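The values are calculated or read from the model by the stated rules, or taken from the named source; none is laboratory data. In this text, all values refer to a predicted model and were calculated from it rather than measured experimentally. Note: ideal-geometry Cβ built from the backbone for every residue, glycine included; neighbour counts use all protein chains shown. Areas reflect the complete protein model, heavy atoms only, side chains present, ligands, DNA and RNA absent. Shrake-Rupley method; radii C 1.70, N 1.55, O 1.52, S 1.80 Å.
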Amino acid sequence: MQGVPAEVGGAAAARGMNAQERVRHTLADIGARDGELRSFVAVHDEAGAARELQRASSSGGALQGLPVGVKDIFDTAALPTRYGSALYSGHQPRSDAAIVQAIRRAGGVVVGKTSTTEFAFLNPTDTRNPNAPGRTPGGSSAGSAASVAAGLVPLAVGTQTGGSVIRPASYCGVVGFKPTYGVLPTPGLKPFSWSLDTVGLFTRTVDEMAACASAIAGQDWSRPGGGGTPVFGIAWAYPWEPLSASGRKALEAAAAALRESGATVRDVHLPEWLGPVFQAHDAVQGWEASRALADEYEFHADALSPILRDYLTQARRVDDARYEAGLADAAAGRQNLSTLFDGIDVLLTPGAPDEPPQGYGSTGASTWNRAWTLLHVPCLNVPGLQGVNGLPMGVQVIAPIREEALCLRAGRVLQNALRQRG
């Protein structure tokens, strides 16, 4: 497997710092700049970071001491884990989540925990959007997306149950990657919906993502070649809502850049079964969330935010039959994925409904992500585009199940095409 390019380390690596110096620089940078951004909720001191670096260095992994932020929905033995909730204030797990262990084996150094919404649902965090002042960074992986967008860390870990990797990546103008469900490990993750919860990553560029994701997963997804230039499909009508002006603008710009670069872009019509899959997400998530957070709801309801408490109240009304029907619709959709990719290699859609919404009272909607999450397909947000107001607007690359290398290769083609177009 290829090593991670030096530029992934950001400004510290660019100045020729070794791993120890880079980690120290990262901690100092977080201390100096994160007070206003509020992307981290817990950070190692120098001694703690040195211990993490020593453990990571012994692995000889490709990340070579790369500083990493991990969403505070994952257990960490050396840092507190609150899951975004005051209920778990001071909570100290006894072991690390599997993804934290995977990062360490790959040579990465977890320097801190990034802010998450309450139990990774919709109650907004205090995190600010560094690339769209006064607007939400999204959720629930807000801290991870914002910390990478601000250059505090070159790599951060998030999760997606609806759209919580791709949407904040679109809002903050960074690369967000949600691999196939289950490809990155979930043990040690506080669950919300176990059929949907998927571990994802954030970086600044697709090349960095391919290298980092490959190292953590132990897969070889980073090679630029293999199979030639993918054929891109774009649908202009969807079963959930019409394209916004910003979404249409981003797709049109992406299509133009790809065609100018010599890639093939085809207009496609989405299969009819995609509508029921989109609808099924609500039932699957609700039924599972009401059980995953049963103790918190039954014994500590007054300590929950109103938005989560009201959601769980409604979710408990999803009966077994509706849940089973949702699972069946999802399974049927996965069986019929070949009809979605008929004549194309990957599908392009907006990464989010629109530019990041004004203010901090909402994390935005997962409308453009939840069907793909339920289908378990890999998705990649490619930044570099803008909506009608000049704010970040990402394009989402969607590939068949287990085709991470294809998804990343297509993302690289799109990224390069956008750069060439200026």
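For ARG370, what charge total do you get from the other residues with a beta carbon under 14 Å from its beta carbon, if Lys and Arg give +1 and Asp and Glu give -1?
It works out to a net charge of -3.
Starting from the Kirkwood radius over alpha-carbon pairs of the stretch 170-237, derive D by Stokes-Einstein at 4 °C in a medium of 1.567 mPa s and give it in µm² s⁻¹.
Result for D is 91 µm²/s.
Tell me, what is the percent relative contact order of the chain, built from C-alpha pairs under 8 Å that lie six or more residues apart?
Taking the mean separation of contacting Cα pairs over the length of the chain, I get 18 percent.
What is the pair-distance distribution P(r) of the stretch 360-422, computed from all Cα-Cα distances in 5 Å bins starting at 0, with each bin given as a whole percent?
4, 16, 21, 22, 18, 13, 6, 1
Using DSSP, restrict attention to beta bridges with both residues in the chain and report what percent are antiparallel, rounded to the nearest 5.
Working: 25 of 41 bridges.
Of the beta bridges lying entirely in the chain, close to 60 percent run antiparallel.
Given Cα pairs under 8 Å that are at least 6 residues apart, what percent is the relative contact order of the stretch 328-422?
Relative contact order of the stretch 328-422: 29 percent.
In nanometres, what is the gap between the two model label sites at ARG419 and ALA256, each 7 Å from Cα along Cα-to-Cβ?
So the label points at ARG419 and ALA256 sit 2.1 nm apart.
For the stretch 274-382, with every protein chain kept in place, what is the accessible area per residue (1.4 Å probe, Å²)?
It amounts to 39 Å² per residue over the stretch 274-382.
Over the stretch 66-105, how many percent of alpha carbon pairs lie in each 5 Å bin up to the one with the longest distance?
6, 25, 33, 22, 10, 4, 1
What ³J(HN,Hα) values, in whole Hz, does the Karplus curve 6.51 cos²θ - 1.76 cosθ + 1.60 give for the stretch 341-350 when θ = phi - 60°, with x put for Gly and Pro?
For the stretch 341-350, the Karplus curve yields 9, 5, x, 9, 9, 9, 10, 10, 9, x Hz.
Please name which of VAL175, SER305, VAL199 has its Cα lying farthest along the dipole of the chain towards the positive end, using unit charges on Cβ (Lys, Arg +1; Asp, Glu -1) and the Cα centre as origin.
Result: VAL175.
How many lysine pairs in the chain, separated by 8 or more positions in sequence or lying on different chains, have Cα atoms less than 21 Å apart?
Final tally of qualifying lysine pairs is 6.
Are there any helices in the chain, counted as whole DSSP H runs, that stretch 18 Å or more along their axis by Cα and score at least -0.5 on average by Kyte-Doolittle, and if so which?
Span-like helices in the chain: 245-260, 274-292, 404-421.
Report the local net charge at ALA28: Lys and Arg +1, Asp and Glu -1, summed over other residues whose C-beta lies under 12 Å from its C-beta.
-2
Two decimals is fine: what's Rg over Rh for the stretch 14-129, C-alpha atoms, Kirkwood radius as Rh?
That ratio equals 0.97.
Out of all Cα-Cα pairs in the stretch 91-228, roughly what percent, to the nearest whole number, are more than 20 Å apart?
Working: 4064 of 9453 pairs.
Roughly 43 percent, rounded to a whole number.
Share of the stretch 56-126's accessible area from carbon and sulfur, percent, 1.4 Å?
For the stretch 56-126, the apolar C and S fraction of the accessible surface comes to 43 percent.
Which net charge results for the neighbourhood of GLN285, defined as the other residues with beta-carbon distances under 10 angstrom from its beta-carbon, given Lys and Arg at +1 and Asp and Glu at -1?
Local net charge: -2.
Compute the orientation-averaged projected area for the chain from the convex hull of its Cα atoms and round it to one decimal in nm².
Answer in nm², one decimal: 18.5.
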